[in-house]
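The structure under discussion appears below in the form of structure tokens.
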Amino acid sequence: MIEDFKKDATARMAKCVQQFQADLKKLRTGRAHPSLIENLKVDYYGTETPLQQLANIGIEDARTLVVTPWDKAAVQAVEKAVYKSDLGLTPNTAGTVIRIPLPPLTEERRRDITKVVRGDAEGARVAVRNVRRDVLQDVKEALKEKMISQDEEKKAQEEIQKLTDKHVAEIEQVLAAKEKEIMQV
């Protein structure tokens, strides 16, 4: 019974960490990376569609993304979506190819991005703690229904806390690595 609670908690906490890592990929760190824009919503024939479903996204060099829409009619819509995004990017269109140069980040912008990363990390830590709370609630219900003993409940609480600490530490490591990457000139 306790093993089931641990497996559930481990899986859900790992998903929280994975989501945090996925969110970090969308942040701009000075290097061109397709994940920076692949989820931008493009108004394509009246439907909000992710950019990755409309175009091929590649890297021309370390600071330039290349977007090649599969439909020529989508070029203007893609360009408009990049302008509207809060990434501060200006696309250059040449026929059906859109080049998006990434200007170097200023010190102020790096600090702003670091604040966003810290906020995301706090959100991930809260999500992990929420999983802990939910699982501990399940453990207490199992105790009420006499499915487990008080000793087992105490042991389960300790093990769930260890899992929580482990996943929060993982989030901290990812955060530290991303902050270092962002502040690197």
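The values are calculated or read from the model by the stated rules, or taken from the named source; none is laboratory data. Here the structure is a predicted model, which means the values were calculated and not measured. Ideal geometry is used to build each Cβ from the backbone, glycine not excepted, and the neighbour counts take in all protein chains shown.
Here are a few things to note about the model shown:
- Residue check for residue 27: buried (at least 17 other Cβ atoms within 10 Å of the Cβ), among the hydrophobic types (A, V, I, L, M, F, W, C), part of a loop (DSSP other than H, G, I, E, B) and touching a helix residue (DSSP H, G or I) at 6+ places or on another chain (Cβ under 9 Å): yes
- Residue 110 exposed (fewer than 14 other Cβ atoms within 10 Å of the Cβ) and either more than 23 Å from residue 10 (Cα to Cα) or not β-branched (Val, Ile, Thr) (or both): no
- Among (1) at pLDDT 90 or above; (2) assigned by TED's automatic domain parsing to the domain that holds residue 161, the one test that residue 67 misses: (2)
- Number of positions in region 48-80 that are in a helix (DSSP H, G or I) and surrounded by 17 or more Cβ atoms within 10 Å (Cβ to Cβ): 6
- In region 86-107, of all residues being assigned to a loop (DSSP other than H, G, I, E, B) and surrounded by 14 or more Cβ atoms within 10 Å (Cβ to Cβ), the one that is farthest from the chain's Cα centre (by Cα) corresponds to 96.
- Any hit, region 96-110, residues being among the hydroxyl-bearing types (Ser, Thr, Tyr), touching a helix residue (DSSP H, G or I) at 6+ places or on another chain (Cβ under 7 Å) and in contact (Cβ under 8 Å) with a residue 60 or more places away in the chain: no
- Annotation: residue 182 fulfils all but one of (1) of a type in the set (A, V, I, L, M); (2) over 20 Å from residue 25 (Cβ atoms); (3) touching a Lys or Arg at 6+ places or on another chain (Cβ under 9 Å); the unmet one is (2).
- Identity of the residue in region 118-158, closer than 30 Å to residue 27 by Cα and of a type in the set (Gly, Ala, Ser), that ends up surrounded by the most Cβ atoms within 10 Å (Cβ to Cβ): 124
- Neighbours by Cβ (under 7 Å, 6+ apart or cross-chain): first from region 116-129, in a helix (DSSP H, G or I); second hydroxyl-bearing (Ser, Thr, Tyr) and surrounded by 19 or more Cβ atoms within 10 Å (Cβ to Cβ): 128/164; 129/164
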